[in-house]
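Any read-out appearing in this document is the output of simple, stated calculations on the displayed coordinates, not a laboratory observation. Since the structure is predicted, the reported quantities are computational estimates derived from the model, not experimental observations. Here the Cβ is made from the backbone with ideal geometry for all residues, glycine too, and neighbour counts use every protein chain on show.
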Amino acid sequence: MGGKTTKNYITNITETGLGDSQYSGIMGGQTEIKSNQAGITSDIGTLQTGQDTGFSGVQTGLDDLNTYLGEQFQGANSQRFDYAKANADAQNFLNNQAIAREGLATDARTQMGTQIDTGFQDMGGRFDTVRYQCRQRPIRSQSRLC
């Protein structure tokens with residue numbers, strides 16, 4: 001062969017390609033994964049809807065509680081105001097009564113004059129007169145008095 005040298009290269013061939021049955025199995029698995037992923041996505045959507053509904057229910061409950069507590073506090077405040085007003089009215093009434101009582105006492109002292117003991121002295125004289133008359137002329141009806 002005329003002076004040329006030929007080198008022999010060794011090539012190892014390993015079967016790395018997929019056979020038809022293997023390819024079909026992998027594609028079937030991919031389809032199943034895709035189907036599962038769609039189901040998971042749908043389930044996540046359902047879960048989100050449920051969470052939204054749940055949070056909406058919680059918000060409604062908090063709103064209702066807030067309204068109820070507001071009404072209760074308003075009612076209690078109104079009742080306390082009514083009691084405070086009734087108390088103020090009663091205090092005003094008592095004050096007016098005290099002023100009126102003092103006016104009556106002032107009038108009574110004015111009518112008595114400065115010599116309060118005069119009436120008691122006159123009463124003592126009246127008892128003495130009755131006693132004296134009983135000794136002088138006893139009358140049947142007066143006998144019990146004398």
What nm distance separates the two modelled labels at PHE93 and MET112, each placed 7 Å from Cα along Cα→Cβ? 3.0
With R₀ set to 41 angstrom, the calculated FRET efficiency between the beta-carbons of PHE73 and ASP52, to the nearest 0.05, is 0.85
Per 0.36 nm of contour for each residue apart, how much would the distance between MET27 and GLU102 grow if the chain were fully extended, relative to their Cα-Cα spacing? 15.9 nm
